[in-house]
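Please read the structure below before turning to the comments.
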Amino acid sequence: MTYTIHLFGNFRILSPDGDELTPSQPRHRALLALIASSEDLRRSRRWIEDRLWSTRGQKQASGSFREALRMLRKDLGKHAHILGANRSDIWLDSTLVSTRNNPSNGLTHREFLEGLDVPDPEFEDWLRNTRAQFDNSGLPQQQSLATPQPILARPPKGILVRSKAGHATTRAESMASQLVADYIATNFEEWFGSWLLSNDVSHAAGAADLEVSCNVMQDDGMCALEVKISHIGTGRILYASQGGFSGSPLEALNQELVGGIVHVAASKVSSKLPHLLGVDRSEGVAAGFAHLGKQRLMTFDPENLEEAYSFMSHARQAHEQGVFVAWQAFIRMAQLVDNVAEDPEGKADDLRALSNEALALSGDNSLAVALVAIARSMAQLDPAESTQLAKRAMKMNPMNLFARQAMALALSNAGQLERAYLLSKSCQKFLPEDDSSHLWDLYHALVCIAVGKTGEALVSAERASAGCSEFIAPRRQLLGLYLHENRIDDAKVQFDLLRQKEHDFSLDRFLNDPEYPVDTLRNRGLINGSFEDIFS
């Protein structure tokens with residue numbers, strides 16, 4: 001009963017029955033290949049970390065290694081027993097695993113680990129040097145290595161986007177159209193890693209994957225804004241939107257409308273990229289996994305939250321982007337705040353490590369920075385740093401809705417209530433047309449509570465709760481708000497629901513435990529001990 005690993009041609013691992021066990025993620029295949037290519041099928045953990053996560057600090061690399069090992073064992077399923085590990089080493093069971101170190105079936109032209117691509121300079125060096133030790137027959141060369149061949153420059157990885165202004169009758173309309181198109185195209189980089197090509201068609205026509213076209217038209221003091229995003233290869237329209245505003249064409253960039261369009265467009269387009277780009281494009285695969293992860297996250301169901309974390313892990317392994325790591329940190333925050341996390345101390349440690357890693361990888365990505373700022377703020381980790389991160393995200397991209405909401409929460413925590421309210425209110429003007437509207441409603445409810453606008457807070461909290469039945473956080477706010485408004489029957493409904501959904505919920509915790517996440521209600525004096533008689 002032998003498992004077979006092929007190292008020439010496409011990397012493959014087959015079960016004794018011939019079933020395909022090859023992991024779908026390149027980094028998982030690389031991890032197995034690094035072990036299988038050693039004489040005794042064993043490597044040290046540190047050696048592996050240095051080849052696959054060489055650009056990260058030791059603690060971050062070790063965390064990434066542990067996560068990859070966990071996912072790899074999950075991929076192998078009932079066959080995971082062939083892979084062993086301890087604190088220092090990782091190995092394949094040599095009594096069960098054999099490696100094919102030569103091309104088979106006469107295919108003497110097949111390359112060592114053909115097509116395996118992991119974006120790490122140390123892995124690339126190892127792969128290039130290992131390939132140099134074999135000639136075209138797959139046998140080790142008998143002579144010393146020849147002069148290393150130059151490394152050919154590769155085009156940048158990413159989804160290539162071209163921006164285009166529509167037909168305009170005035171110079172102001174033309175400038176506004178191009179600026180908004182460029183703005184939306186550039187914002188795609190924050191979501192799934194894209195590159196904005198020159199809008200000169202002669203340079204970009206053959207290379208681009210997507211085209212963002214925009215048309216701003218003015219008529220009698222009003223402007224119409226039209227946006228269309230298309231897949232160039234098929235001509236398929238992936239997203240189209242229309243909106244209007246008062247003022248001059250160039251005021252389009254000062255409208256929250258544009259930020260809302262960016263948010264919704266990125267969400268709509270990302271779900272379609274895997275099919276359009278194909279499974280051989282890591283960027284499209286990553287966008288697909290991230291879309292699935294965000295869908296699971298927005299249900300706030302405990303099992304779905306853990307699945308969301310796994311999907312984001314797949315996304316980052318397919319296409320290394322700090323924004324996927326930031327989403328992982330955000331998911332850990334959701335588990336902690338909704339009180340559904342197993343091992344909450346471990347999840348809090350994960351949140352800290354992931355947020356640091358996200359900032360190290362994508363500190364210039366407004367979305368990643370904003371997600372980290374919100375995660376740290378909501379989990380009550382270092383409010384001062386959360387405020388600085390929110391400012392940083394806003395400075396980089398003031399139209400990013402996550403950045404705006406992160407800044408609103410930070411201002412609220414800092415006592416700058418009127419500014420916080422106006423900023424949060426601006427996000428409400430264009431509620432996203434996707435599955436995250438309840439999230440924006442919760443944040444706005446929290447800001448309104450802090451400002452003292454309890455009526456508006458109640459409306460937003462009710463919308464948030466209605467939009468997602470498993471979302472615990474708005475129900476806590478509703479309990480306090482209903483009690484404040486003397487809506488006792490409604491309060492009792494929320495009380496009973498919280499007892500069902502939170503295993504350790506009690507009225508005493510809600511009213512008196514400083515660790516229970518209702519600080520905003522407590523700070524405004526909306527909950528107090530006088531409510532105990534109601535539920536006695």
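The values are calculated or read from the model by the stated rules, or taken from the named source; none is laboratory data. None of these values were measured; they are calculated from a predicted model. Neighbour counts are summed over all protein chains in view; Cβ atoms, including those assigned to glycine, are modelled from backbone coordinates with ideal geometry.
Worth a mention:
- Residue in segment 255-278 that is among the acidic types (Asp, Glu), modelled with pLDDT of 80 or more and over 30 Å from Glu502 (Cβ atoms) present: no
- Filtered residues of segment 360-396 (kept if within 20 Å of the chain's Cα centre (by Cα), under 16 Å from Glu190 (Cβ atoms) and surrounded by fewer than 23 Cβ atoms within 10 Å (Cβ to Cβ)): Leu361, Gly363, Asp364, Arg392, Met394, Met396
- Hits in segment 44-57 - residues which are buried (at least 20 other Cβ atoms within 10 Å of the Cβ) and either among the aliphatic types (A, V, I, L, M) or touching a residue at least 24 places away in the same chain (Cβ under 8 Å) (or both): Ile48, Arg51, Leu52, Trp53
- If you filter segment 425-436 down to residues that are farther than 19 Å from Ala368 by Cα and part of a helix (DSSP H, G or I), you find that the one that is modelled with the lowest pLDDT is Gln428.
- Helices (runs of 4 or more DSSP H) contained entirely in segment 459-536, each with at least 2 residues that are within 15 Å of Ile449 (Cβ to Cβ), polar (S, T, N, Q) and at pLDDT below 90: 519-523
- Scanning segment 267-295 for residues that are assigned to a helix (DSSP H, G or I) and over 12 Å from the mean Cα position of the chain (by Cα) returns Lys268, Val269, Leu273, Pro274, His275, Leu276, Leu277, Ser282, Glu283, Gly284, Val285.
- Neighbours by Cβ (under 6 Å, 6+ apart or cross-chain): first from segment 1-30, within 18 Å of Glu111 (Cα to Cα); second part of a loop (DSSP other than H, G, I, E, B) and aromatic (Phe, Trp, Tyr): Arg29/Phe11
- Residues located in segment 398-431, provided they are over 21 Å from Gly243 (Cα atoms) and among the polar types (S, T, N, Q): Gln405, Ser412, Asn413, Gln416
- Residue match in segment 342-358 (condition: out of contact with any Lys or Arg (no Cβ under 9 Å at 6 or more places or on another chain), assigned by TED's automatic domain parsing to the domain that holds Phe510 and buried (at least 24 other Cβ atoms within 10 Å of the Cβ)): yes
- Tally of residues being modelled with pLDDT under 90 and over 19 Å from Met71 (Cβ atoms) across segment 299-333: 4
- Criterion violated by Arg29 - all others in (1) of a type outside the set (Gly, Ala, Ser); (2) loosely packed, with under 15 Cβ neighbours inside 10 Å; (3) under 21 Å from Ala318 (Cα atoms) satisfied: (2)
- Some residue of segment 288-306 being farther than 25 Å from Val340 by Cβ and buried (at least 23 other Cβ atoms within 10 Å of the Cβ): yes
- Any helices (runs of 4 or more DSSP H) falling wholly within segment 366-423 and containing at least 1 residues that are more than 28 Å from Phe192 (Cβ to Cβ): 383-396, 401-413
- Just one residue in the set Val279, Val216, Val227, Val269 is under 18 Å from Phe402 (Cβ atoms) and of a type in the set (Val, Ile, Thr); that residue is Val269.
- Being within 23 Å of Asn339 (Cα to Cα) and surrounded by fewer than 15 Cβ atoms within 10 Å (Cβ to Cβ) holds for only one residue in Glu485, Glu515, and it is Glu515.
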